[in-house]
Amino acid sequence: MELKEQFIEYIHDLQHKICSELERVDGKARFIEDKWERAEGGGGISRIIAEGDVFEKGGVNTSVVYGSLPETMKDAFKVGESEFFAAGLSLVIHPLNPYVPTVHANWRYFELYNAKGAKQDSWFGGGSDLTPYYIFEEDGRHFHTTLKNAMDPFGAELYPKYKQDCDAYFINKHRNNEARGIGGVFYDYLRPKNNDEANRLFEFQQANGNAFLKAYVPIVEKRKNTPYGEREQNWQEIRRGRYVEFNLIHDRGTLFGLKTNGRTESILMSLPPRARWEYNYQPEAGSKEEELLEYLKPRNWAN
């Protein structure tokens, strides 16, 4: 079985495992499945959860698309007439309770072919990151340490590097480089030089994907029943507004999906159901809301 076929099989299996576990945690809501096709080649499976006891809105989506590389992507990759293959799992979960963080993750694989159909390039990318509205240091340590433990068998230098890359990527440049959340790991363009390296990178990708539920679910279980009121909801909506800004202005995955004629509904499932923008809003001095802003600066989280 070719690597790309193995990867497709893996992301579909992981999609099922993640959705099943999140349904268990919620206890009420169930994912609805929406299969779609792309006219130029391929398609995907969108699985959406909404109006649950724990998860207000979320999606766990897989896509497998291929065909002629669009003009905008030719310019980005600096290639001529080319064919491409791209497969990935992308998820965003927006919990109802402001004390439960939003989470995002993505694991993808890309191949690029010349006009004769010969593979010219391939790479892996992905990562997971956490966006809390209220800070609990032990939650941040758990999330980051779980990701570090998944990466360490492949090289102790990887987590620090990809944690730094995450801190540098998930920022709103137009907001004075304010971070979207407390990060996690982010990596892209991991190119194998031979078959052995390709298999090792695939194992690395699986280790990261398999670590997601271990990193996130214990935090949800711990915080989902914390009492909250209108103040906490307002702050959640303000911070969700910053999340929207990043996804629509800076996120490369969003832009790639739209430029390759992906399914708009599936791409924009990352947006929350409620968000708020207040002119020049500043949290109250000394408040738990202000405390969050201090923790949005890069710091060492992993044990």
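The values are calculated or read from the model by the stated rules, or taken from the named source; none is laboratory data. Computed from a prediction, not measured in an experiment: that's the story for all the values here. So basically every Cβ, Gly included, is an ideal-geometry build from the backbone, and we count neighbours across all protein chains shown. We work out accessible area using only protein heavy atoms, side chains counted, and drop any ligands, DNA or RNA first. Shrake-Rupley method; radii C 1.70, N 1.55, O 1.52, S 1.80 Å.
Given charges of +1 on the Cβ of Lys and Arg and -1 on the Cβ of Asp and Glu, with all other atoms neutral, how large is the dipole of the chain about its Cα centre, in debye to the nearest 20? Kindly include the intermediate steps, with their values, before the conclusion.
Details: 40 positive and 46 negative charges, 35 e Å.
Taking the Cα centre of the chain as origin, the dipole is about 180 debye.
Divide, for the chain, the radius of gyration over alpha carbons by 2.2 N^0.38 Å, where N is the residue count.
Working: Rg = 19.1 Å, N = 303, 2.2 N^0.38 = 19.3 Å.
The value comes to 0.99.
Return the single residue from Lys116, Lys163, Lys288 with maximal mean-square fluctuation; model: Gaussian network over the chain, springs between Cα atoms under 10 Å.
For the chain, modelled as a Gaussian network with Cα springs under 10 Å, the answer is Lys116.
Before rounding to the nearest 500, sum -39500 (n - 2.57) across all DSSP H runs of length at least 4 in the chain and divide by the residue total; then give [θ] at 222 nm in deg cm²/dmol. Please list the in-between numbers first.
Values: 9 runs with 127 residues, N = 303.
Counting only the DSSP helices, I get -13500 deg cm²/dmol.
Shape call for segment 128-277 from the C-alpha gyration tensor, a ≥ b ≥ c root eigenvalues: rounded (a/c under 1.5), prolate (a/b greater than b/c) or oblate?
Values: a/c = 1.99, a/b = 1.33, b/c = 1.50.
In terms of gyration-tensor shape, oblate.
Write down Rg/Rh for segment 18-160, rounded to two decimals, with Rg from the C-alpha atoms and Rh from the Kirkwood relation over Cα pairs. Could you put the intermediate results ahead of the total?
Working: Rg = 18.6 Å, Rh = 17.6 Å.
Computed over Cα atoms, the ratio is 1.05.
Take every Cα pair under 8 Å in the chain that's 6+ residues apart, average their separations, divide by the length, and report that relative contact order as a whole percent.
Values: 536 pairs, mean separation 51.9, N = 303.
Averaging sequence separation for qualifying contacts and normalising by length gives 17 percent for the chain.
Keeping all protein chains in place, calculate the accessible area per residue for the chain (probe 1.4 angstrom), answer in Å². Don't jump to the answer; show the numbers that get you there.
Details: 14160 Å² over 303 residues.
Accessible area per residue, the chain: 47 Å².
Pick from Arg231, Arg274, Arg30: which residue has the top mean-square fluctuation in a GNM of the chain where Cα pairs under 10 Å get a spring?
Answer for the Gaussian network model of the chain: Arg231.
Per the 1.4 Å probe, what fraction of the accessible area of the chain, in percent, lies on carbon and sulfur atoms? All intermediate terms of the calculation are to be shown ahead of the outcome.
Values: 6830 of 14160 Å².
Result for the chain: 48 percent of the exposed heavy-atom area is carbon or sulfur.
Considering the options Ala87, Phe7, Tyr187, tell which one lies farthest towards the positive end of the dipole of the chain, charges being +1 on Lys and Arg and -1 on Asp and Glu at the Cβ, about the Cα centre.
So the residue furthest toward the plus end is Tyr187.
Using the Karplus equation 6.51 cos²θ - 1.76 cosθ + 1.60 (θ = phi - 60°), what ³J(HN,Hα) coupling, rounded to whole Hz, does each residue of segment 89-100 give in order, writing x for Gly and Pro?
10, 10, 9, 9, 10, 10, x, 6, 6, x, 7, 9
Using only the alpha-carbon atoms, what does segment 206-300 span along each of its principal axes? Please give whole angstrom values in decreasing order.
Computed over the Cα atoms, the extents are 45, 36, 27 Å.
For a Förster distance of 41 Å, can you work out the FRET efficiency between the beta-carbons of Met1 and Glu284, rounded to the nearest 0.05?
Taking R0 as 41 Å, the efficiency between Met1 and Glu284 is 0.10.
Taking the simple approach of a point 7 Å from Cα along Cα-to-Cβ for both Asn172 and Trp277, what is their distance in nm?
1.0 nm
Could you tell me which of rounded, prolate or oblate describes segment 138-218, using a ≥ b ≥ c as the square roots of the eigenvalues of the alpha-carbon gyration tensor, with rounded for a/c under 1.5 and, failing that, prolate when a/b is larger than b/c and oblate otherwise?
oblate
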